[in-house]
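What follows is one structure encoded as structure tokens, with my remarks underneath.
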Amino acid sequence: MELFINQVLAGIATGAIYACMALAVVMIYQAIDHLNFAQGEMAMFSTFIAWQLMQWGVPYWWAFLLTLAFSFAGGIAIERMLFKPLAKAPILTNVAGFIALFAIVNSVAGLTWDFTIKQFPTPFGSAPFLGSQLISTHQAGMIGVTVGLLILLYLFFQFTRIGLAMRAAASLPESARLVGINTSWMIALGWGMASAIGAIAGILIAPVVFLEPNMMGGVLIYGFAAAVLGGLTSPLGAVVGGFLVGVFENLAGTYIPGVGNELKLPIALALIITVLVLKPAGLFGRPIVKRV
Amino acid sequence: MSAVEEVTNEASAVEAVPKRAMTLGYGTSLVVLGLLIIAPMFLKNFFVFQLTMLLIYALAVLALNILTGGSGQFSLGQSAFYAVGAYTSAILMEHMGVNYALTLPIAGIICFGFGFLFGQPALRLSGIYLALATFALAVAMPQLLKLGFFEHWTGGVQGLVVTKPDAPFGLPISQDRWLYYFTLVVAIGIYIASVNLLRSRSGRAFMAIRDNEIAASAMGVDVALYKTLAFGVSAGITGVAGGLGAIAVQFVAPDGYTITLAISLFLGMVVGGVGWLPGSIVGSAFIIFVPNIAESISKGLSGAVFGVLLFLVIFLVPHGARQVAIVAQQLIGKLKK
């Protein structure tokens, strides 16, 4: 029983990271209807920025905030320069664009900081949480930061004018434009926020998976799985999906014989395909009707 | 319609390509063919090997092109089918002593089956969801190949070594050259078959589905059948390419068939021009040679150079090599006047 609780809690902790990634994916998907395959690399790059700042002697939380600001600006810059011109292009062109971005970011990070594995500090410490053996303080911190972030985002989207404008621009762009919302900038804002959320996920997971240019590969796929499970049109769904995928992954790795650590990734992928086949809109997504 | 439903005018995944614009004229085809036949006679064995790989990747890109340019579905998981083809050939040759030439059709048929089966769940997905599902397939494949359960056959992480075939009938040419011409014959056969497929009734059904699925089904096209068929055909050709690849490289191992390969093939299609079959060769040259050139400019920066070039292609020639070819054709037309 203790093993079970332990695994569930560990699953919730990693699930928090998947939830962040899924949230970042959904933010961009809402804004431009495309999956950002470069999301993980953007998060990785931000994490390296944070690491570099700390190497220069900036205290942890200042580095954290500076990195968020940098990622926010970077996200907006990428949207303005690279993806705004592609807005009307076919899906295929956009996918190629995301892959190109992936290659560029990965290679530049590798060139700047090389491919050796680096330690990343945690502000929470790794001692057992409140003297219990079930969960470490870093894991508890991961859950805490994610939950705090979710509450902030919820408040932002429900109770601020900009949040409302962003929701309007995402759901009905034409009507939003008619009432004077600058939809183009709302999209850029979505990119900036997604990039910053990704940075948070990267910084939180870096002490666990260690820092190197390919660190986000697996995390991004779980993020996709989470987003699909919850429904690509629903931020709440993305979060719930993240926690579910985290727990599911851990339990499957522990209890299904022959799965172990090696097959965890295919399990997440099988989950994606199963959900897509049974309920294409995801658990919380809206069904889409096509007009001929 | 209830209030929760969302209505979209979904942009099609691929821009429509007229059927005529999918191939080269006879004259140009013959010139290209002539070049491909003569080229290896003047090259060293290593370059002949690279040309062979060029043809093999061109076949895989062509297969993807039939799926995407033909039926409008797209796949980031071609590396999985390529891997299945490669392993089929390798296992048949090494464990059962089957002749290398015979392993190719078997690899093709097995991959056709896999593709057809994968096409079944994929039926319910379109656009970005399909990209995601196939992406998942590509990521999972190397790990499945490493499984202890299959290790007796696949050699696990170590993979399998494949013997390189000699030229038959005691022909006085090197193994590399023989393999090149063998690949060329297979490639030409598949190219001609693909062109004919796209011009046939089935090809028209593919294109009708690509341009408007609902309209196609209203005209009586069995959408489910043709979509899975497109997946099957594409996977089958990719499987043959995989088999050829295994023979040419003389080695199969799980890490040779990662998502990177799938992405390369996808990029090859974009660079060559979606729906333009001859573009497959141009795209294949791009994915084989550009990383090498990029690496010679700056080691470690190859990914960045690759990405920047790709952005240039997307922005300057969104239709890839096809666009360049059309412009060239118009220029030649003007010169003639």
> Which parts of the range A:43-87 would a label at residue A:162 reach, counting a residue when its backbone N lies under 12 Å from a point 7 Å out along Cα-to-Cβ?
Replying inline: A:72-73
> What is the packing order of peptides A:110-122, B:248-260, taking the mean over residues of other C-beta atoms within 10 Å and listing the highest first?
Replying inline: B:248-260, A:110-122
>> Test of understanding: in a Gaussian network model of chain A with alpha carbons linked when under 10 Å, which of A:92, A:211, A:164 would top the mean-square fluctuation ranking?
In response: A:92
> In nm², what is the average projected area of the convex hull enclosing the Cα atoms of the range B:190-254?
Replying inline: 5.5
> In chain B, which longest range has no GluC sites (Glu not before Pro) that are both DSSP loop (not H, G, I, E or B) and surrounded by at most 16 other Cβ atoms within 10 Å?
Replying inline: B:11-337
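What does the average come to when, for each residue of peptide A:99-112, you count the partner chain Cβ atoms lying within 10 Å of its Cβ?
Averaged over the peptide's residues, the number is 6.
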>> Run through the range A:184-217 and list the chymotrypsin sites (Phe, Trp or Tyr not before Pro) located in a DSSP loop whose Cβ has at most 16 other Cβ atoms within 10 Å.
In response: A:210
>> Tell me whether the range B:52-175 comes out rounded, prolate or oblate; compute the Cα gyration tensor, take square roots of the eigenvalues as a ≥ b ≥ c, and use a/c under 1.5 as the rounded threshold.
In response: oblate
> Given the C-alpha centroids of the range A:171-210 and the range B:72-98, what is the distance between them in whole angstrom?
Replying inline: 40
>> So for each of A:170-179, B:325-334, B:49-58 I average, over its residues, the number of other beta carbons within 10 Å; can you give me the resulting order with the highest mean first?
In response: B:49-58, A:170-179, B:325-334
>> Taking θ = phi - 60°, what integer Hz values does the Karplus form 6.51 cos²θ - 1.76 cosθ + 1.60 yield along the range A:166-183, in sequence order, with x for Gly and Pro?
In response: 5, 5, 5, 5, 6, 8, 9, x, 4, 4, 4, 4, 5, 8, x, 8, 7, 4
>> Give me, ordered by chain and number, the residues 5 or more places off residue A:136 or on other chains with an amide H under 5 Å from its own placed amide H.
In response: A:129
> For A:29-38, what's the mean count of beta carbons from other chains sitting within 10 Å of each residue's beta carbon?
Replying inline: 2
>> With just the Cα atoms defining each centre, how far is the range B:200-230 from the range B:134-148? Give it in Å.
In response: 30
> Which shape class, rounded, prolate or oblate, goes with the range A:1-104 when its Cα gyration tensor gives a ≥ b ≥ c as root eigenvalues, a/c under 1.5 marks rounded, and past that a/b bigger than b/c marks prolate?
Replying inline: oblate
> Going through the DSSP H helices of chain B, which span 24 Å or more along their own axis at the Cα atoms while scoring at least 1.6 as a mean Kyte-Doolittle hydropathy?
Replying inline: B:45-65, B:127-145
> Listed here are the pairs A:118/B:146; A:279/B:227; A:118/B:164; B:164/B:227; A:118/A:264; which of them are more than 31 Å apart at the Cα?
Replying inline: A:118/B:164; B:164/B:227
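Around residue A:10, what is the net charge, scoring Lys/Arg as +1 and Asp/Glu as -1 over all other residues with Cβ under 15 Å from its Cβ?
Net charge around residue A:10: -1.
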>> Principal axis extents for chain B, Cα atoms only, whole Å, descending order, please.
In response: 67, 63, 43
> Out of B:307, B:251, B:42, whose Cα points farthest toward the positive end of the dipole of the protein assembly as shown (charges: +1 Lys, Arg; -1 Asp, Glu; placed on Cβ)?
Replying inline: B:42
>> Per-residue Cβ counts within 10 Å, from other chains only, averaged over A:226-234: what number is that?
In response: 1
>> If I fit a long axis through the Cα atoms of helix A:91-113 and take the longest principal axis of the Cα atoms of chain A, what angle between them do I get, 0 to 90°, rounded to 10?
In response: 40
> Ranked highest first by average number of other Cβ atoms within 10 Å, how do B:264-273, A:70-79 line up?
Replying inline: B:264-273, A:70-79
> Which FRET efficiency value, to the nearest 0.05, is calculated for residue B:218 and residue B:42 with the Förster distance at 51 angstrom and r the Cβ-Cβ distance?
Replying inline: 0.40
> Helix A:235-255 versus the longest principal axis of chain A: what is the Cα-based angle in degrees, 0 to 90, to the nearest 10?
Replying inline: 30
> How many nm separate the modelled label positions at residue B:293 and residue B:96, each set 7 Å beyond the Cα in the direction of the Cβ?
Replying inline: 4.3
> Which three lengths, in whole Å and largest first, does the range B:279-329 cover when its Cα atoms are put on their principal axes?
Replying inline: 37, 21, 14
>> Run through the range A:1-61 and list the chymotrypsin sites (Phe, Trp or Tyr not before Pro) located in a DSSP loop whose Cβ has at most 14 other Cβ atoms within 10 Å.
In response: A:56
>> Using square roots of five times the C-alpha gyration tensor eigenvalues, list the equivalent-ellipsoid semi-axes of the range A:69-224 in whole Å, biggest first.
In response: 32, 23, 12
> Taking Cα atoms, how many degrees apart are the long axis of helix A:2-32 and the longest axis of chain A, rounded to 10 and kept between 0 and 90?
Replying inline: 20
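No value in this document is a laboratory result; all are computed from the given coordinates. Remember, it's a predicted structure, so these values are computed and weren't measured experimentally. Ideal geometry is used to build each Cβ from the backbone, glycine not excepted, and the neighbour counts take in all protein chains shown.
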